[in-house]
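Q: The structure's right below; bear with me while I get my questions together.
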Amino acid sequence: MTDAPAPLAAADDVACPVVLSLPGVVPPPDGAGAVAAPAGQAGTTLGAEIEAVLHGLADTRPGPAPAGAAPGNAAGSHAEVTLGVVGGGQLGRMFVHAAQAMGYFTAVLDPDPASPAGRVSHHHVQTGYLDADGLAQMAHLCVAVTTEFENVPAAALATLARSLPVAPAAAAVGIAQDRAAEKAHFDRCGVPCAPYALIETPEQLAAVGAHLLPGILKTARMGYDGKGQARVVDRDALTAAWAQLQHVPCVLEKMLPLAAECSVIVARGADGTVVHFPVQRNLHRDGILAVTEVHEGNIDPAQAQQAVDAAKSIADGLGYVGVLCVEFFLLQDGRLVVNEIAPRPHNSGHYTIDACDSSQFALQVRAMAGLPLAAPRQHSPAVMLNLLGDLWQLPQVEGQVLPAQRTPAWDRVLALPGAHLHLYGKHAAVPGRKMGHLTFTAATAVAAREAALEACAILGIAPF
């Protein structure tokens, strides 16, 4: 597909980021355990390889990291205080912006030379996530490291943790990567979730009770934004869906009568301090977040407090450090059940950049750097719209030759009161791909919603 025209120049792009393209080693298929050494070398563990590389870099390290990873240069020296992020997508990009605003240097580990975060970071380590040299470079450059998406191999984070603070920890990310482990954690914390069954074998498939149908079959690992899921109405459909998913380990969740969806974003420090943002009311379409509304009265106060308490319990149970999003279902009978967790900032929290005195990304920086976590305050009602690649697509008319893509009418959108446009610097506008978001703030929830609906009409987004 032809690249989308650049709708807005990325004025905040770093002009000349340092790109470190390093020779890689081959990770195992499951992304864990030992890593094959380059040709001609004996096989070693990933951690041992990194220690060897770090030994060779010892004489070139810019200086010892200051205690507490305070912002800016180390006192009395020219040492750069660098925070790292594993993953180079839009969440990493917004983390980089927040860290740089506080005076930190930044490093991004991502194999994509055009990754949104890599393009704006001081350092871009351009290797795979399990590449020993790439991980060693991150350990060499950074005083602390975080992650921007949950499918980063937990083994990579565990390896980095041998050399420097990593938040969230590999164990917490590993639980979020496995739906079965995630639900077991919910059970331990006393937080209700939908009835479910683990399906790893034909015997477990045959043992599924009728009370779990209709249901949603989800891969236990590597699913997000509706991927790796199938709705099943009966046992035959369940059998067919598991076959279509290649018989990988799955979780079958009972389909519940939903009234709404919501999420809570908490930040937890190493000292156990927990702060949170207001509860966000969310609307998904085709498994992808479409709209988030955050204002007084968007959720029943008792349900909102229950969601906050549950999110804090989940974070405490993990011994979590960093920003965590907990997603919930609001049922028609008034019950609240947890859906899943994301061990990172979340799409539903992007409004915090414009509607709160501290964003989710600023709290991510504070948590990983050991800085105080002040409770954030929302100063404006907000509505956030996700901007998918579909907005750039032109309808094709038979017999006519038309450009493949268009530039959305940003001028008309930005003429609306309270509009805050965020585009992520991605080249190719693919349908279903998150290209940016649009937040509307106003003095009242009604005004924010009206402006957001007007933007929907301009851009061709379905109203809500």
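Q: Name the single residue that is nearest to Gln100 (Cα to Cα) among those in segment 111-149 being open to solvent by 30 Å² or more (accessible area, probe 1.4 Å) and among the aliphatic types (A, V, I, L, M).
A: For segment 111-149, the residue satisfying everything is Leu141.
Q: Out of all the residues in segment 225-236, is one or more of a type in the set (Lys, Arg) and part of a helix (DSSP H, G or I)?
A: yes
Q: Scanning segment 328-364 for residues that are open to solvent by 20 Å² or more (accessible area, probe 1.4 Å) and part of a strand (DSSP E or B), which turns out nearest to Ala260 (Cα to Cα)?
A: Once the filter is applied, the top-ranked residue is Phe329.
Q: Output the residues belonging to segment 435-459 that are open to solvent by 30 Å² or more (accessible area, probe 1.4 Å) and either among the hydroxyl-bearing types (Ser, Thr, Tyr) or within 17 Å of Met94 (Cα to Cα) (or both).
A: Thr444
Q: Moving on to the next point. Pairs under 7 Å by beta carbon, first residue farther than 14 Å from Trp392 by Cβ in segment 405-423, partner of a type in the set (Asp, Glu) and modelled with pLDDT of 95 or more, six or more apart or different chains?
A: Going by the 7 Å Cβ cut-off, the qualifying pairs are Leu416/Glu454; His420/Asp354.
Q: With the structure loaded, tell me whether Val152 is open to solvent by less than 30 Å² (accessible area, probe 1.4 Å), closer than 30 Å to Ala69 by Cβ and in a loop (DSSP other than H, G, I, E, B) or whether it fails that test.
A: So Val152 passes the test.
Q: Right, Glu182: farther than 16 Å from Val323 by Cα and modelled with pLDDT of 95 or more or not?
A: yes
Q: Do we have Ala270 as without any contact (Cβ under 8 Å) to a residue 24 or more places away in the chain and open to solvent by 30 Å² or more (accessible area, probe 1.4 Å) here?
A: No, not satisfied.
The values are calculated or read from the model by the stated rules, or taken from the named source; none is laboratory data. Because the structure is predicted, anything quoted here is derived from the model rather than measured. Heads up, the Cβs are rebuilt from the backbone with ideal geometry, glycines too, and the neighbour counts pull from every protein chain shown. Quick note on the areas: whole protein, heavy atoms, side chains included, nothing else; ligands and nucleic acids left out. Shrake-Rupley method; radii C 1.70, N 1.55, O 1.52, S 1.80 Å.
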